[in-house]
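FYI, it's all coordinate maths here, none of it is from the lab. Quick caveat, the model's predicted, so the values are computed rather than measured. Here the Cβ positions follow ideal geometry from the backbone for every residue, glycine too, while neighbour counts run over all protein chains shown.
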Amino acid sequence: MAKTKPGKKDLDSYTIKGTNKVVRPGDCVLMRPSDTDKPPYVACVEKIEADHRNNAKVRVRWYYRPEESIGGRRQFHGAKELFLSNHFDIQSAHTIEGKCIVHTFKNYTKLENVGTEDYFV
């Protein structure tokens with residue numbers, strides 16, 4: 001894991017604004033898109049840190065929906081299918097809308113009830 005830069009501090013967790021849901025490194029989250037007509041982006045939180053003004057930032061690794069990839073969505077893709085990318089970014093923690101769960105396909109098929117927060121790779 002990358003070292004924290006001077007003036008920044010690592011955080012163990014972040015509470016999503018307006019909720020009591022706590023996000024920790026390793027959790028999957030839904031990130032608010034700039035275009036409100038689009039569904040939230042899905043990412044895995046790698047690191048949480050705060051700057052000298054206590055503004056929380058998250059380092060995330062993105063998941064993509066098939067339609068966001070070069071090949072596009074195909075008939076065989078599942079409605080909740082995601083691809084794990086090697087694309088990392090640092091985002092304001094305030095853009096986190098909620099938590100989600102990204103399952104393996106095998107575990108996803110074993111779910112008795114698939115919730116809106118359930119996805120698979």
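Descriptive notes on the structure:
- Residues that are closer than 23 Å to His103 by Cβ and among the acidic types (Asp, Glu), drawn from the stretch 31-77: Glu46, Glu67, Glu68
- If you go through the stretch 69-116 and keep only what is among the β-branched types (Val, Ile, Thr) and either out of contact with any Leu (no Cβ under 9 Å at 6 or more places or on another chain) or within 23 Å of Asp10 (Cβ to Cβ) (or both), you end up with Ile70, Ile90, Thr95, Ile96, Ile101, Thr104, Thr109, Val114, Thr116.
Each row is one residue, and each column tells you yes or no for (1) out of contact with any strand residue (DSSP E or B) (no Cβ under 9 Å at 6 or more places or on another chain); (2) closer than 20 Å to Thr19 by Cβ; (3) touching a residue at least 12 places away in the same chain (Cβ under 8 Å); (4) of a type in the set (D, E, K, R).
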| site | (1), (2), (3), (4) |
| --- | --- |
| Cys44 | no, yes, yes, no |
| Glu49 | no, no, yes, yes |
| Tyr63 | no, no, yes, no |
| Ala79 | yes, no, no, no |
| Ala93 | no, yes, yes, no |
| Glu97 | no, yes, yes, yes |
| His103 | no, no, yes, no |
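- Remark: Arg24 falls outside the filter, which requires a residue to be basic (Lys, Arg) and surrounded by 13 or more Cβ atoms within 10 Å (Cβ to Cβ).
- Only a single item in (1) closer than 21 Å to Asp118 by Cβ; (2) touching a Lys or Arg at 6+ places or on another chain (Cβ under 7 Å) is not met by Ala93, and it is number (1).
- The stretch 48-81, subset surrounded by 14 or more Cβ atoms within 10 Å (Cβ to Cβ) and touching a Lys or Arg at 6+ places or on another chain (Cβ under 6 Å), residue farthest from Val121 (Cα to Cα): Ala50
- Top-ranked residue of the stretch 93-121 - restricted to ones that are assigned to a strand (DSSP E or B) and among the β-branched types (Val, Ile, Thr), ranked as farthest from Asp27 (Cα to Cα): Ile96
- The stretch 46-63, residues that are among the polar types (S, T, N, Q) and within 19 Å of the chain's Cα centre (by Cα): Asn55
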